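Student: Supplied in structure tokens, the structure appears directly below.
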Amino acid sequence: MSSSVPSRRDCANAIRALSMDAVQKANSGHPGAPMGMADIAQVLWTDFLSHSPVNPGWVNRDRFVMSNGHGSMLVYSLLHLSGYDVSIDDIRNFRQLHSKTPGHPEFGYTPGVETTTGPLG
């Protein structure tokens, strides 16, 4: 049995699919930014940023801040796909009260979210 590493395109498409599905299920949200930024965000996240899913508070990590917070599903998808404590159930609960995946990233709710952002950054 062979296992293969997903291609960049596959990873970007997974970000798009997670974002579309979460916004559709919540019947609320903004899928445009995550869908349009999936390719570049995946490359940046995978090839250039230093971070640690097992230690989100690692002092030497790079910080990824999504200033247009309404594109939050991009961040949540990246966190989920790279092994942070953001489960598929957390993605399914996007924009729900007390969820780990609120409509705009909020510091302290989601491991890996660096700062609270909103619709105007």
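Student: With only Lys, Arg, Asp and Glu charged, each at its Cβ (+1 for the first two, -1 for the last two), find how big the charge dipole of region 59-121 is about the Cα centre; round to the nearest 20 debye.
Tutor: 80 debye
Student: Now for a different question. Quick one: length gained pulling A17 to N55 fully straight, 0.36 nm per residue minus the C-alpha distance?
Tutor: 11.0 nm
Student: In deg cm²/dmol, rounded to 500, what helix-only [θ] at 222 nm does the chain give when every DSSP H run of at least 4 residues adds -39500 (n - 2.57) and the total is split over its residues?
Tutor: Result for the chain, helices only: -11500 deg cm²/dmol.
Student: Using the Cα centre as the reference, give the magnitude of the dipole from point charges on the C-beta atoms of region 8-92 (Lys, Arg: +1; Asp, Glu: -1; all else neutral), rounded to the nearest 20 debye.
Tutor: Rounded to the nearest 20 debye, it is 120 debye.
Student: Here is a further query. For the chain, what's the relative contact order in percent, using C-alpha pairs closer than 8 Å and at least 6 residues apart? Walk me through the numbers before you get to the answer.
Tutor: Details: 179 pairs, mean separation 30.7, N = 121.
Relative contact order comes out at 25 percent.
Student: Of F94, G108, P53, which is farthest towards the positive pole of the chain's charge dipole, taken about the Cα centre with +1 and -1 on the beta-carbons of Lys, Arg and Asp, Glu respectively?
Tutor: F94
Student: Further, regarding this structure: Rounded, prolate or oblate: which fits region 33-90, taking a ≥ b ≥ c as square roots of the Cα gyration tensor eigenvalues, rounded meaning a/c under 1.5, else prolate when a/b beats b/c?
Tutor: Values: a/c = 1.64, a/b = 1.23, b/c = 1.33.
Oblate, since a/c reaches 1.5 and b/c is not below a/b.
Student: Can you list the trypsin sites (Lys or Arg not before Pro) in region 1-106 that are in a DSSP coil and have 14 or fewer other beta carbons within 10 angstrom?
Tutor: Listed in order of number, the matching sites are R63.
Student: At a Förster radius of 35 Å, what calculated FRET efficiency corresponds to the Cβ-Cβ distance of K25 and N68, to the nearest 0.05?
Tutor: Using R0 = 35 Å, I get an efficiency of 0.95.
Student: Can you tell me the FRET efficiency between L44 and Q96 if r is taken as the Cβ-Cβ distance and R0 is 22 Å, rounded to the nearest 0.05?
Tutor: It comes to 0.20.
Student: Can you classify the chain as rounded, prolate or oblate using the Cα gyration tensor, where a ≥ b ≥ c are the square roots of its eigenvalues, rounded means a/c under 1.5, and otherwise it's prolate if a/b beats b/c and oblate if not?
Tutor: Note, shape of the chain comes out rounded.
Student: Let me ask something else about it. So if I take the centroid of the Cα atoms in region 72-102 and the same for region 1-61, what is the distance between those two points in Å?
Tutor: So the two Cα centres are separated by 11 Å.
Student: Another question about this same structure. Enumerate the calculated ³J(HN,Hα) couplings along region 52-60 in order (Karplus 6.51 cos²θ - 1.76 cosθ + 1.60, θ = phi - 60°), each rounded to whole Hz, writing x wherever the residue is Gly or Pro.
Tutor: Couplings: 9, x, 7, 9, x, x, 3, 5, 8 Hz.
Since every read-out is calculated from the coordinates, none of them should be taken as a lab result. Keep in mind the model is a prediction, meaning the values are calculated, not measured. A quick note on method: Cβ atoms are made from the backbone with ideal geometry, for glycine too, and the neighbour counts reach across all protein chains shown.
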